[in-house]
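A quick write-up on the structure given underneath.
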Amino acid sequence: MKHPFDIDLAMARIREAVRPFPQAALFELAAEGFAAPFEVLVACILSIRTRDDTTLRCARRLFALARTPTRMARLPPAELDAAIADSTFHEAKARQIQDIARQLAAAHGDRLPCDGALMLSFHGVGPKCANLVLGIACREPRIGVDVHVHRVTNRWGYVAARTPEQTMVALEAKLPPAHWVEINRLLVPFGKHICTGSLPRCSQCPVLDMCRQVGVTRHR
């Protein structure tokens, strides 16, 4: 028999369960000191369709060259692209990052303001990246919904939504604000190592007694 889903208890259990695993890339970079809004935004752009270990490698190489909009705008395009060459769609991302850097350098000096509307106005920046910047760098209660947060919270039966965007809206209506930033920090490693996309490791799940296992037909 399944118990009612207690999100506070679930988050406490998952907090312990993911301790052995690497942090999600953006949180790892922030812990290393790359925590300015512009740096988090650039790292999030690099992370799109790219594995965390590759994102970390590319971000560290790029930030060794430039960490502010002004310096990023002045980088030779070929040098910027070479630094992130391991990232998926690196040529498009290099152009996107440099275009954002130039806009910021012209309008806001050497910083990215904590302004979600401004971030969403940049080509290719969606709610996930904007919310992760606002949550990690600006310390605002925002929910960054990626594939892991979307899959896991729907598998739990905590929300029922068809897309990450719909999951974000559902979580904003239900999830206590104290967990808004942390849910991405926890569910990325949880979704990568335990509640995986295929053959989830249900036998190792710390919230199995509450999880509705929505859509799970086979598991370990």
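The values are calculated or read from the model by the stated rules, or taken from the named source; none is laboratory data. Predicted model, so just to flag it, every value in this text is computed and none were measured. A quick note on method: Cβ atoms are made from the backbone with ideal geometry, for glycine too, and the neighbour counts reach across all protein chains shown.
Name every residue in the range 148-159 that is over 16 Å from the mean Cα position of the chain (by Cα) and touching a residue at least 40 places away in the same chain (Cβ under 8 Å), in order of residue number.
Listed by number, the residues that qualify are 154, 155, 156, 157, 158.
Please verify whether the range 136-154 includes one or more residues that are under 16 Å from residue 10 (Cα atoms) and either of a type in the set (Lys, Arg) or assigned to a loop (DSSP other than H, G, I, E, B) (or both).
Yes - at least one qualifying residue is present in the range 136-154.
Can you say whether residue 29 is buried (at least 21 other Cβ atoms within 10 Å of the Cβ), of a type outside the set (Val, Ile, Thr) and within 21 Å of residue 102 (Cα to Cα), as far as the supplied structure shows? Don't jump to the end; show me each part of the working.
Working: buried (at least 21 other Cβ atoms within 10 Å of the Cβ): yes; of a type outside the set (Val, Ile, Thr): yes; within 21 Å of residue 102 (Cα to Cα): no.
Criteria not met by residue 29.
Mind listing whichever residues of the range 167-180 are surrounded by 14 or more Cβ atoms within 10 Å (Cβ to Cβ), more than 21 Å from residue 19 (Cα to Cα) and in contact (Cβ under 8 Å) with a residue 40 or more places away in the chain?
Within the range 167-180, 168, 175 meet the criteria.
Of everything in the range 88-116, what is surrounded by fewer than 18 Cβ atoms within 10 Å (Cβ to Cβ) and outside any helix (DSSP H, G or I)? Give them in sequence order.
88, 89, 109, 110, 111, 113, 114, 115
Go through the range 181-202 and give me each residue that's at pLDDT 95 or above, surrounded by fewer than 18 Cβ atoms within 10 Å (Cβ to Cβ) and either hydroxyl-bearing (Ser, Thr, Tyr) or within 22 Å of residue 130 (Cβ to Cβ) (or both).
The answer is 182, 196.
Would you say residue 153 is on the phi < 0 side of the Ramachandran plot, touching a Leu at 6+ places or on another chain (Cβ under 7 Å) and among the hydroxyl-bearing types (Ser, Thr, Tyr)? Explain how you work it out, then say what you get.
Working: on the phi < 0 side of the Ramachandran plot: yes; touching a Leu at 6+ places or on another chain (Cβ under 7 Å): yes; among the hydroxyl-bearing types (Ser, Thr, Tyr): yes.
Judged against the criteria, residue 153 is a match.
Taking only pairs six or more apart or across chains, which ones have beta-carbon atoms under 8 Å, a first residue in the range 69-97 that is in the same structural domain as residue 55 (by TED's automatic domain parsing) and within 16 Å of residue 55 (Cβ to Cβ), and a second residue that is of a type in the set (Lys, Arg) and surrounded by 14 or more Cβ atoms within 10 Å (Cβ to Cβ)?
The qualifying pairs are 83/61; 84/61; 84/93; 86/57; 87/93.
For the range 115-126, give me each residue that is of a type outside the set (S, T, N, Q) and out of contact with any helix residue (DSSP H, G or I) (no Cβ under 6 Å at 6 or more places or on another chain).
Step one: filter the range 115-126 for residues of a type outside the set (S, T, N, Q), giving 115-120, 122-126.
Matches in the range 115-126: 115, 117, 118, 123, 126.
Specify which of the listed residues (102, 71, 57) is within 25 Å of residue 144 (Cα to Cα) and modelled with pLDDT of 95 or more. First the steps, then the outcome.
On the way: 102 fails: within 25 Å of residue 144 (Cα to Cα); 71 fails: within 25 Å of residue 144 (Cα to Cα).
57 is the lone residue from the list that is within 25 Å of residue 144 (Cα to Cα) and modelled with pLDDT of 95 or more.
Residues that are among the charged types (D, E, K, R) and over 17 Å from residue 195 (Cβ atoms): find the helices (runs of 4 or more DSSP H) completely inside the range 1-81 holding 2 or more of those.
Details: elements: 7-17, 25-31, 37-47, 52-65, 69-74.
Filter on the range 1-81 gives 52-65, 69-74.
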